[in-house]
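S.K.: Submitted below is the structure of interest, expressed as structure tokens.
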Amino acid sequence: MSAIDALPPLREVIATHGLSARKSLGQNFLLDLNLTAKIARSAGDLSGSDVLEIGPGPGGLTRGLLAEGARKVLSIEKDARCLPALEEIRAAYPDRLEIIEGDALDIDVTARLTSPIRIIANLPYNVGTELLTRWLDPPAWPPFWESLTLMFQREVAERIVATPGSKAYGRLAILAAWRSDARIVMDLSPQAFTPPPKVHSAVVHLTALPAPRYPADAKTLQMVVARAFGQRRKMLRASLKGLAPDIEDRLLAAGIQPTDRAETVDLERFCALARSFNA
Ligand code: SAM
């Protein structure tokens with residue numbers, strides 16, 4: 001296995017700094033630097049981009065991002081134990097790594113980064129979906145980022161890229177497809193991590209669209225989709241009954257049969273239905 005930089009192997013870093021993994025922080029570390037470099041490459045050419053990384057931990061992916069040429073990496077880590085190990089990486093890549101100690105859910109970093117910005121992270125599973133939803137639903141579109149390359153549990157990754165008619169299709173797939181092109185670019189078995197999680201993982205790459213795929217008001221679309229999938233086994237004329245007295249007419253006008261179920265309706269028709277409430 002070839003070294004990607006002159007820093008010590010990650011097992012040594014973990015032993016030196018006493019970084020035993022904590023479940024409460026979703027710590028499943030990637031220790032194979034060739035694998036972290038491969039994840040960095042799956043985000044595309046990093047040379048002209050700033051990268052936001054959430055949860056660098058002992059820094060395996062951080063090192064991959066820097067070795068692959070990211071212009072600048074800004075890493076936010078909640079676990080203060082990791083900071084000395086990250087400082088060593090910073091010293092090896094002068095002026096290219098900024099580290100912030102804190103909770104990624106509380107910190108707005110946009111002012112510290114210059115476009116184009118990519119977000120690349122082996123996310124802590126407990127906050128992954130929350131962060132993705134925030135990045136896909138900012139106050140204004142297009143967002144501050146060009147692409148997201150994110151590790152999720154395989155089951156969550158499937159929900160992000162799901163298409164109508166599949167069991168995984170729901171709110172997350174609709175939000176992702178409305179504003180991005182999303183695809184799974186890598187599968188990882190539990191053995192790729194230390195300690196191994198119980199489930200398989202996958203890396204999803206999402207590219208921001210310049211404008212949403214179909215016109216609709218974001219809040220209205222989310223409200224309609226949340227109602228529709230809140231009772232996904234019900235026909236839409238029943239699950240959406242409370243939205244308007246003429247819901248059946250609105251469904252038909254949007255190209256949806258009132259007897260259809262949410263999981264069979266594509267994004268374009270959900271957007272048409274949402275527009276009927278803002279007309
Ligand atoms: N990037 C490292 C790797 O690939 O080996 C670690 C990934 S581990 C799955 C998730 C990391 O996110 C841990 O280092 C954990 O301490 C950190 N973390 C957990 N919750 C966080 C939060 N709310 N904000 C920032 N970092 C967090």
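The values are calculated or read from the model by the stated rules, or taken from the named source; none is laboratory data. Owing to the predicted nature of the structure, the values given are computational and were not obtained by experimental measurement. As a convention, Cβ positions derive from the backbone with ideal geometry for all residues, glycine included, and neighbour counts pool all protein chains shown. Areas reflect the complete protein model, heavy atoms only, side chains present, ligands, DNA and RNA absent. Shrake-Rupley method; radii C 1.70, N 1.55, O 1.52, S 1.80 Å.
S.K.: I need the full set of residues from segment 34-63 which are more than 9 Å from the ligand (Cβ to nearest atom), part of a helix (DSSP H, G or I) and open to solvent by less than 10 Å² (accessible area, probe 1.4 Å), in order please.
M.R.: Ala37, Ala40, Arg63
S.K.: While we're looking at this one, here's another question. Would you mind finding the one in Gly170, Gly165 that is open to solvent by less than 30 Å² (accessible area, probe 1.4 Å), at pLDDT 95 or above and more than 21 Å from Ser42 (Cβ to Cβ)?
M.R.: Gly170
S.K.: To continue, here is another question. Among the numbered conditions (1) over 23 Å from the mean Cα position of the chain (by Cα); (2) more than 18 Å from Ser166 (Cβ to Cβ), tell me where Tyr214 comes up short.
M.R.: (1)
S.K.: Looking at Arg250, Arg237, can you tell me which residue is open to solvent by 70 Å² or more (accessible area, probe 1.4 Å) and outside the structural domain of Pro143 (by TED's automatic domain parsing)?
M.R.: Arg237
S.K.: Filter segment 85-134 down to residues that are within 14 Å of the ligand (Cβ to nearest atom), assigned to a helix (DSSP H, G or I) and within 11 Å of the chain's Cα centre (by Cα), then give me how many there are.
M.R.: Here the count works out to 8.
S.K.: Continuing with the same structure: Within segment 180-198, count every residue that is open to solvent by 60 Å² or more (accessible area, probe 1.4 Å), touching a residue at least 12 places away in the same chain (Cβ under 8 Å) and more than 19 Å from Glu146 (Cα to Cα).
M.R.: Within segment 180-198, the subset open to solvent by 60 Å² or more (accessible area, probe 1.4 Å) is 181, 183, 187, 191, 196, 198.
Now restrict to residues that are touching a residue at least 12 places away in the same chain (Cβ under 8 Å): 181, 183, 187, 196.
Still in the running and more than 19 Å from Glu146 (Cα to Cα): 187, 196.
Total meeting the criteria: 2.
S.K.: Out of (1) within 10 Å of the ligand (Cβ to nearest atom); (2) surrounded by fewer than 22 Cβ atoms within 10 Å (Cβ to Cβ); (3) in a helix (DSSP H, G or I), what's the single condition that is false for Ile76?
M.R.: (3)
S.K.: Ok, one more. If we scan segment 5-19, do we find a residue that is within 26 Å of His205 (Cα to Cα) and more than 9 Å from the ligand (Cβ to nearest atom)?
M.R.: Yes, segment 5-19 contains a residue that is within 26 Å of His205 (Cα to Cα) and more than 9 Å from the ligand (Cβ to nearest atom).
S.K.: While we're here: In the set Pro138, Pro116, which member is in contact with an Asp or Glu (Cβ under 6 Å, 6 or more places away or on another chain) and either at pLDDT 95 or above or assigned by TED's automatic domain parsing to the domain that holds Asn34 (or both)? Break it down into steps so the answer makes sense when it comes.
M.R.: Values: Pro138 fails: in contact with an Asp or Glu (Cβ under 6 Å, 6 or more places away or on another chain).
Step by step, each of Pro138, Pro116 is checked, and only Pro116 is in contact with an Asp or Glu (Cβ under 6 Å, 6 or more places away or on another chain) and either at pLDDT 95 or above or assigned by TED's automatic domain parsing to the domain that holds Asn34 (or both).
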